[in-house]
Structure formats: structure tokens, C-alpha cells
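Written out below as C-alpha cells is the structure these notes cover.
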Amino acid sequence: MAEQWFKQSDWQPYDFQVNTWDAIGKGYSGLLNAPTGFGKTYAIWFGVLQQYYKKQKPGIHCLWITPLRALSKEIYMATERVSDGLGLSYTIGLRSGDTSLKERTQQKKKMPNGLITTPESVHLLLAAKGYNDTFKNLQFVIIDEWHELMGTKRGVQIELALSRLKAINPELKIWGISATIGNLEEAEEVLLGGYGGKRTMIRTNLKKRIEIETIIPEVIEKYPWGGHLGIKLMEEVLPIIHKSNSTLLFTNTRSQCEIWYQRLLEREPDLAGAMALHHSALSDETRLWVENALHEGILKAVVCTSSLDLGVDFRPVDTVIQIGSPKGVARFMQRAGRSGHQPGAISKIYFLPTHSLEIIEGSALRHAVTHSEIEQRVPYIRSFDVLIQYLVTLAVSDGFRANETYEEVIKTHCFNSVTREEFNWCLLFITDGGSMLEAYDEFHKVVIENGLYVVTSKRVAMRHRLGIGTIVSDAMIQVTYVGGGRIGSIEEWFISRLSPGDSFWFTGKNLELIRIKDMTAYVKRSAGNKGAFPSWQGGRMPLSSQLSSTIRMKLDEYGKKKTDIEISSLSQLFEEQKMRSHLPHNDELLIEKIKTRDGYHVFFYPFEGRNVHEGMASLFAYRISQIKPMTFSIAMNDYGFELLSDQEIPVEEALGNALFDSSNISADIYASVNISEMAKRKFRDIATIAGLVFNGYPGKAVKTRHVQANSQLFFGVFTDFDPNNLLLQQAYDEVMTFQMEQVRMMQALQRMETQHVIIKDLEKFSPFCFPILTERFREKFTNEKFEDRVKKMLEQLDRA
DNA sequence: GACCTGCTGCGGTTTG
């Protein structure tokens, strides 16, 4: 079958494709690791089709799960093309949030043989009565982009769905498709779970060639020590855009995206119409238009955020520019791969540093990419919120029996350590609302009828189906033209700072606010050229540990041997650092001290990413204050952190007193950081996923602050009266794992214990500490004042 | 010498 297809289409299959057909034919489950653009879809698809034709049965034969609706559509088209091209009667269907009601009803009557879908839609199918019947002939489940899903709660959803499907058909074959990550073996284990059966991993040595070029400022002495926009290098970007057919410019934040777009357009008005913007706050219509235009090759440049990381391939794109640190090797490679999307083509990516020291990352990235040193994805474990949601899902449809479901659930990687007591707690939680909420009918969602856990209330069932999924997002204000036409969405708090008549930049347009009504901001185009750039409160990505350690290694190379152009271009900065302070080697830990009229500053440079630095700064502040009572203010970036106090900080004494001790950090962290405040924030998502708070009906989202208030209420009640509540525990665990990055902090402390500590008393700020200083002022002061402060700081610097 | 910060993903229409 495959041979026939390849004869028709006139290309030769790769080894990995043949191996995959083979393995599927021999009844294996497995993980396929291959780069994009080499035909992974066909590698799996022919294997699946071949099996179908041996033993045709009605209904869904194969479930193909992808993380993106857009990707589902692409797979749908590719698989249908094959099936049509070979004249097969294998029917293929698509099911996701934007599948029409009509199509769904048709599917209900007669399911296609291959269903392309998303993790959420699979759970919705499990929430439908008679799903057992729907899946009774299911033979294959394919998880596409498993590396994307694994480290998320959506990955947990997949694990749970598989545990159920595997119980319906123990012969079910599971195949994952994954890009290269640091823990592929684990990825396979997590996906295939604790089931028997033959399994294999198929890898290929085919590699996408990536060429990295750092854009180095011509006069490096004039490049700022701090900052994050990188606009200063715009002049270097224009020729790159011009000489390429089509360029993607990746920025780290949505507002940075808007600013770059605007500045490019001001500088080069001819780009109007040939350049576009793409990020998640833009309306779907706008985004779709941009994606299509990219496809057709009518755009010269698109400024975007991660929103274009994944998904549909844009063959006309031949150049990618990464503005600012990509924060991780995998993300950088992913973005590089958006260009040269044909087998054998080279992906060209430029790295544009936003401040001097960041130039070093260009060199670190090249090293990591060449040596395939890619981050791991850490799978979630014991996500009770997802488990609770899943149990209610099963209760909404055909109901479940406790023993059976417990046995199924503990076969997953996520829940294999869950005890029967803990599982019983979850059962109690969905039937009685747990020990605390017993009195409230609202939380008696599930009832037990003859040993079967079921939802009998229609209202409960419907509200549950509405809430299926693990992605929790804030309610946003919609932005719409007065005359109609959706533009996108902006955070409530940003728009609330504006008054009618004020203008702001959005979608690359200058907009004037007319009025706000019902969570919608009505605007019109403004002739003006002034206005604020919106800021959204998104996630904060810390530098990955992979990239951090490569940066430390590259720093160490300076002056030792012939090294990359990035490192040598930094010689002036490094010499300045040496002169004012010290340039640390790999076995050294630099601590800088300086006294200004703001107080006593101490800087540490572990290069471990801002999350670890935040935790470590609080930890050190706490430990030092045990020696001598004092208060600190804290600032950090991805490279280091600062402690500032109005009294002299006894660093030397603290060092002699096990400042870096890693043996007892949990207790010290609990004492030093306001963990409960952080847990409260995490708990909001957990409460939503577990179905404790209702996010509202579609189009009528409950205001963010209401969700916040409700979840805080539960958090308070549980803390006071039910401290063993598993969801509460989970919130704390998530803080320690993801916010504090506890494991990484331990490793960093252990490393620091072995390093040679070098303490320098500075007379003037060093190139290392300057960017951290500016971070701190930002937290305390508004932008205008920020500039004043920097000016004052400079005056002081000059006098020093 | 020295500007602005903070990603993405899915789901889907009742009742007070």
C-alpha cells in the first residue's frame, strides 16, 4: 500500500518510515522520534491503514490526537489525501471545538474510521453516553507532538483517556510522535504507561540543519548593558528582511511584538501591507488571515510570539529572527525549524540580543544545538484536579465502578503512586464535596447507584461538559470597532487605566477608546500617533537549566582558547567586568558588594534562571536575617540576583554559616517565602480544573476577580478546616516544583557549595550587576520615574 | 554607554 503510494508520488521512503510500517505491522506500540518535514504522518498512517484492511470493522478504528485545532486540520487533509489517492474507503473525520453541530450529529450516527481530534474533545467523547460503543473497534491511538503535551496537564488528560481506551480494548496500540527532547525514554514510558505488550522506539539520524547567526552591534561599546526590546538593532534587521523572501520575527512578549511592528513600519513605511503581526490576543479572524497570507507567500515579514511556534508549516518562510533570549534550546530549535521547511533544506535563524551580556547566548545556543543538548520535559505527577475532573466525566456518561477505575488509573505514569485512600478521598470529594463541603448540594455532583458512580442531574452534567479541559485563562476585555469588527482582546486592568478619548496601539493600529460596556471595549481608528502599548500579564519563562549551564561554560571560555565570534565581540565588556569586579570562571561563584545611597547591595550570579533566583534570594535573605535581624528588597534576572538592605549585609559571616546548605531547604523555603500566597494563586487553576469554581457559560465568562474570589474562599476554608485536602497539597507541590523549581535549586546550591567564592567590593556598578539594578527600580516605580531613577543612578555612577 | 516586559494551548449555550 505504501509502496503503491510512493510509486505514484515519485519519492523514496526514508528508513524510519519503513521501520515504522514494519513495527506497526508486527503489533508494536511505540514512540516515533523524527524531525518535522520528513513525513512522520505517512510513516504512521500507512501502518495504520494496512492493519485496517486486514480486518475491517465499522466505527472508529484510529484516533489521532494533536494539541492544536489547526494541526488537526492539517493531518485531516494529509490523511484524506492518502485515502483518496489510493481509492480506499477509509473514512476520515475531524472533531474539535470548531466542528459544526451538523457534522457532529452526523458523526454520532456514523463515526468515521479515522478521527482527528484534540485531547479535550476526546474527553468530551468520554463524557457522552454510550462511548463504550463508539470506541469498541478502536485499534490505534496516535498522539502527535507528544513532547508538547507531556509536560502539561493536557498530557495527563491523554494518559487518563488512554487508560480508559486501553481497558475497552486491551489490544489497543498506542503510538506517539515526538520531536527530540532530553528524556525521550521517559516520554515513551509516560505515554505507554504500565500496560503489557510489545513496544519500540523508532529514531532517525536525519537532522534538520540549523544555521545560527548572532546579530552583533557594530559598535558594541554603545550597546546597552540593560534593556529587553532590542530596538537598537533594527537597522541590522531591515537588510535581512529585504534579502529574504519571507521572514518571521519572534518576540518574547505580545507588547514587544506590537512595539517592534510599529517601529519597523515607522522606519520603513513601504512595508505596510507586506508585514503583519501575530499573537494570541488578536482575533481569530486576523490570525487566520495572517496565516493564510504567509502560506501564499504574500507577506514579507511577520512579527509574532510563540503563537507561530507550532502548527501549520509556512513553506515560503526562509528566514527566522529571534529577538531576545529564547530562554531554552528546544524553543529556539522549534522556531528555527519554521524556516526551510522542506526535507534537506537548511533552517536559517538570526539571534538578536537585547542587551550586551545576552550576546553570549548566541554562542551558547549554537553549542547546544550542535551537540543536541535539549531540555527535558517533566511530566506532571499526582494531578488530583485532573483526576477529579476525569472521574466526573466518566460519571456524566456511563458511570464508573470504583475498583475498576482505580486499577485503570494507577496504570498511568501520573497516578501510579496514588493510594487507595487517596483515590477514596477523590470519590468522597465528587460525591459529598469532601469533608468540608458536605453541607452544600452544589458539590454533591455524583451519586452512587448500585455501586455505579453516576451524575443524575442534567444541570451538573452540562456544566461539567462546559468545563472539560485543563487550560485556565483569564477573562479578557474584547476590543471591537464601534461599527462592528472584532480586533482582539486585552486585559481588563490595562484598559481600566485608560479613559474614553485615550488612545493605544493594538494590532499595529492606533485606536481611540470610546467606551467600555459588558466586557467589551469599543474603539475607533485614531489619526494620532501617540498612545500606550498594551501589556498583558502572561507567563514568565525562566532560562532553562540546559541553556544556563551552556552559558556558564561559554563564559568560562573567554580568554582561554579560540572561541566564537559572540564571545570575542564581548571582550570589551568582559575587560570592563574584570576591571571593575571579576569575571568568574566555571569553578567560581562571584559575589559583588556595593554601597550606594539606596543602601547596601549584594549581587550573586548563579546563572540559573529567574525562578530559582527568586527563591534563592528569599532563602538567602532569610538565612542572613537569622544572623542579624534585617529586611531586604530583592531583584533578579535570569543571570543573577540582588539583596539590598539599609544595613550592612554580613555576607562573609553567612558564608561561614552554611548559606548554601542544601540539606534543609524545604523548611527554610517555607519559612522565608510567602508560599501560601503563591499556592493560593496556583490553587485558582486547580479549583477550576477540579470543577470547584465555574468559569461561566460560553461568551459569558465569569469575571476574573469573581473566579479569584471564589477560589480564594475555598483555599481559605480548606487551609483552616481541611489541611489534608489533596487539592490544597497539590497547590503547594506545584509551587515547589514549578515556581521554586526545587530540584534545580538544590542542584544549584550543591554546585555553589563546591565553587570557589569570590567576593568583590565595587566602586562602580559592573556590567553584570547593572541590568539587575534596573529590574528592581522597575518594580517600585512607574516608567517615567524609572527613567529619572536611571538618570540619577548614572549621575551617582559618574561621581563614584 | 543606558526605554518601555512577560508565551501558548481547548472547550462551547442553561438558568436565576
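Annotations for the structure displayed:
- Residue list for region A:717-733, filter: farther than 18 Å from A:Asn674 by Cβ and not in a helix (DSSP H, G or I): A:Asp722, A:Asn724, A:Asn725
- Residues in region A:516-564 that are over 25 Å from A:Glu358 (Cβ atoms), out of contact with any strand residue (DSSP E or B) (no Cβ under 7 Å at 6 or more places or on another chain) and within 14 Å of DNA strand B (Cβ to nearest atom): A:Asp518 only.
- All of A:Thr631, A:Thr563 fail the test of being closer than 29 Å to A:Ile215 by Cα and either among the β-branched types (Val, Ile, Thr) or assigned by TED's automatic domain parsing to the domain that holds A:Gly227 (or both), apart from A:Thr563.
- Within region A:51-104, the set of residues being in a loop (DSSP other than H, G, I, E, B) and either on the phi > 0 side of the Ramachandran plot or hydroxyl-bearing (Ser, Thr, Tyr) (or both) comprises A:Gly59, A:Thr66, A:Gly87, A:Ser89, A:Tyr90, A:Thr91, A:Ser96, A:Thr99, A:Ser100.
- Search result, residues across region A:294-313 that are in contact (Cβ under 8 Å) with a residue 60 or more places away in the chain, more than 16 Å from A:Leu264 (Cα to Cα) and either within 14 Å of DNA strand B (Cβ to nearest atom) or outside any loop (DSSP other than H, G, I, E, B) (or both): A:Leu308, A:Leu310, A:Gly311, A:Val312
- Considering residues of region A:692-717 that are touching a Lys or Arg at 6+ places or on another chain (Cβ under 7 Å) and within 12 Å of DNA strand B (Cβ to nearest atom) only, the residue nearest to A:Ile634 (Cα to Cα): A:Val707
- Within region A:241-293, tally of residues that are of a type in the set (Lys, Arg), under 24 Å from A:Phe351 (Cβ atoms) and within 16 Å of DNA strand B (Cβ to nearest atom): 3
- Test: residue in region A:324-340 that is within 11 Å of DNA strand B (Cβ to nearest atom) and in a strand (DSSP E or B): no
- For A:Lys560, the conditions (1) of a type outside the set (A, V, I, L, M, F, W, C); (2) modelled with pLDDT of 95 or more; (3) out of contact with any Asp or Glu (no Cβ under 9 Å at 6 or more places or on another chain) all hold with the exception of (2).
- Those residues of region A:606-660 which are away from DNA strand B (no atom under 15 Å from the Cβ), of a type outside the set (A, V, I, L, M, F, W, C) and in contact with a Phe, Trp or Tyr (Cβ under 6 Å, 6 or more places away or on another chain), in sequence order: A:Ser645, A:Glu648
- Taking the criterion of being closer than 18 Å to A:Asn252 by Cα and within 9 Å of DNA strand B (Cβ to nearest atom), the residues of region A:211-229 that qualify are A:Gly226, A:Gly227, A:His228, A:Leu229.
The values are calculated or read from the model by the stated rules, or taken from the named source; none is laboratory data. Just so it is clear, the model here is predicted, and its values are computed rather than measured. Note that each Cβ is placed from the backbone with ideal geometry, even for glycine, and that neighbours are counted across all protein chains shown.
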